[in-house]
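Bear in mind that the values in this text are calculations on the coordinates, not laboratory data. Just so it is clear, the model here is predicted, and its values are computed rather than measured. We place every Cβ from the backbone using ideal geometry, glycine too, and count neighbours over all the protein chains shown.
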């Protein structure tokens with residue numbers, strides 16, 4: 001109740017907005033498409049879909065136009081009288097798909113491929129029809145859409161039946177039966193599949209099995225179009241079993257249904273069945289009338305499948321009316337078949353000979369093309385190899401020149417740094433010698449001892465200034481790739497004095513020289529070295545890297 005009220009309200013609001021002067025919007029088209037899904041009967045649904053198509057075209061809403069037309073075509077496909085419109089819709093969708101395939105949702109694309117396959121099959125382009133069916137099947141499998149997959153299984157069942165591939169027909173038929181047998185939602189699918197199973201057995205002259213499956217399908221289906229074909233198939237099966245009365249009963253039941261549904265193919269097939277029944281009952285005039293109607297109808301709609309059979313049956317009836325008996329007609333049929341076989345054999349030989357000539361020409365052409373392709377590939381490989389070698393050689397020489405220039409630059413920088421370091425060390429030595437001279441002069445002077453002691457302590461504290469140490473360590477790090485910074489990060493417990501001692505050790509200063517620079521005794525230097533090794537946990541200064 002709530003659902004029906006909602007749909008009524010939606011329809012009213014949509015009608016008001018559509019018939020107002022305001023320009024239609026995408027939202028209105030989507031709402032119309034949604035409303036059409038729950039609209040019955042089919043003509044009313046199609047009317048709403050046409051309206052959605054017109055509005056979509058008016059506002060250039062391609063997605064809405066695609067969906068509305070796909071649904072119209074899907075509703076029209078089973079009706080032969082509407083096939084022209086279905087083909088026109090598919091041609092339009094082909095152009096849209098070629099320009100921009102991303103407009104199609106996965107669902108719409110699957111339905112489009114299904115309908116494309118159906119149209120191609122109607123045009124007897126079976127190989128391309130199969131390609132589109134399989135494309136639709138792959139999309140439905142990715143989407144994991146059960147309904148779509150069932151539809152495609154059914155289409156493939158019908159397809160393989162029409163191309164006389166019994167194995168694949170039975171395979172897809174069983175897939176559909178197994179999937180739908182316990183579901184009330186898919187009753188029509190189940191009925192279609194049972195009917196197709198009956199047709200398969202009918203084509204292989206297994207009449208009892210055909211009758212079983214077709215009779216099983218009738219109570220499961222509520223589709224008038226299918227019902228006409230079911231009765232028609234039952235009539236054919238009973239005629240094959242020589243149960244003429246039963247065959248006539250179902251032929252009469254089928255005729256008003258296929259006529260009412262405008263199923264011209266079914267109607268043509270039914271005229272052929274009625275003619276065969278009358279022929280079996282020796283009613284030649286009635287048989288002739290039915291065959292004539294069938295031929296006339298097959299000419300008007302170009303139904304190739306039944307046209308030849310109807311004309312043969314018509315000729316047979318004329319001959320029977322002229323006094324020929326069945327035995328003579330059978331002999332004529334044998335003679336006709338023999339002549340046809342001879343003509344066919346001759347034609348096959350001509351086709352085979354022509355095919356062999358074309359195959360040889362094609363083989364020669366392929367060999368020429370292959371040789372030309374190989375020559376082109378060889379030229380391309382040689383040119384590519386030469387170009388690659390040239391590029392590699394140029395790159396190698398350029399890299400070598402850059403490395404050489406970098407090495408020369410590094411060598412010059414190291415020379416400058418070594419000179420600066422030597423200059424800093426020389427300044428330190430001169431500073432140390434100057435302080436020593438001052439200390440000697442002070443001790444030899446006549447100043448009182450207390451003043452001498454104070455001056456000596458002051459000089460001891462000024463052996464090497466921090467700025468001088470900074471220059472030495474900076475130049476040392478530049479030469480030795482930031483050696484002290486790496487040591488500080490690796491051994492964080494080292495002090496500033498430990499780093500200075502380590503630099504002097506790395507500069508190959510002796511214990512005596514270090515003692516003079518740091519103004520301590522040699523014994524103190526040895527102890528400082530031992531403490532430094534203990535902090536690093538190593539046994540030799542050469543291991544401190």
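For the reader, a short list of remarks on this structure follows.
- Average projection area in nm² (convex hull over Cα atoms of the range 480-543, one quarter of hull surface): 4.2 nm²
- Gain upon complete extension [residue 185, residue 60; 0.36 nm per residue less C-alpha separation]: 41.3 nm
- Neighbour-count order for 324, 207, 379, 213, fewest beta carbons within 10 angstrom listed first: 379, 324, 207, 213
- Working from Cα pairs under 8 Å separated by at least six residues, relative contact order for the range 234-317 is 24 percent.
- Cβ-Cβ FRET estimate between residue 482 and residue 406, R0 fixed at 25 Å, reported to 0.05: 0.85
- Net length gained if the chain between residue 241 and residue 265 were fully extended (0.36 nm per residue, minus Cα distance): 6.3 nm
- At R0 = 56 Å, FRET efficiency that the Cβ-Cβ distance of residue 40 and residue 324 yields, to 0.05: 0.50
- Descending by average beta-carbon neighbour count within 10 Å, the peptides 123-134, 93-104, 256-267 line up as 256-267, 123-134, 93-104, the highest first.
- FRET efficiency, 1/(1 + (r/R0)^6) with R0 25 Å, evaluated for residue 141 and residue 98 via beta carbons: 0.50
- Euclidean distance of C-alpha centroids, the range 31-81 and the range 96-128, integer Å: 17 Å
- Working from label points 7 Å from Cα in the Cα-to-Cβ sense, the residue 128 to residue 212 distance is 4.1 nm.
- Proportion of all alpha-carbon pairs of the range 71-139 beyond 15 Å (%): 51 percent
- Counting every other Cβ atom within 10 Å of each residue's Cβ, 76, 113 order from fewest to most as 76, 113.
- Only Cα sites of the range 231-288 enter the Debye sum here, all with the same form factor; the resulting log10 I(q)/I(0) across q = 0.17, 0.18, 0.30 1/Å is -0.47, -0.52, -1.18, listed in q order.
- Stokes-Einstein diffusion for the range 223-324 at 10 °C, viscosity 1.306 mPa s, with a Kirkwood radius from C-alpha pairs, works out to 119 µm²/s.
- If the chain linking residue 396 and residue 222 were pulled fully straight, counting 0.36 nm for each residue of separation and taking away their Cα-Cα distance, it would gain 54.5 nm.
- Remark: spin-label model distance residue 508-residue 204 equals 10.1 nm, labels positioned 7 Å along the Cα→Cβ axis.
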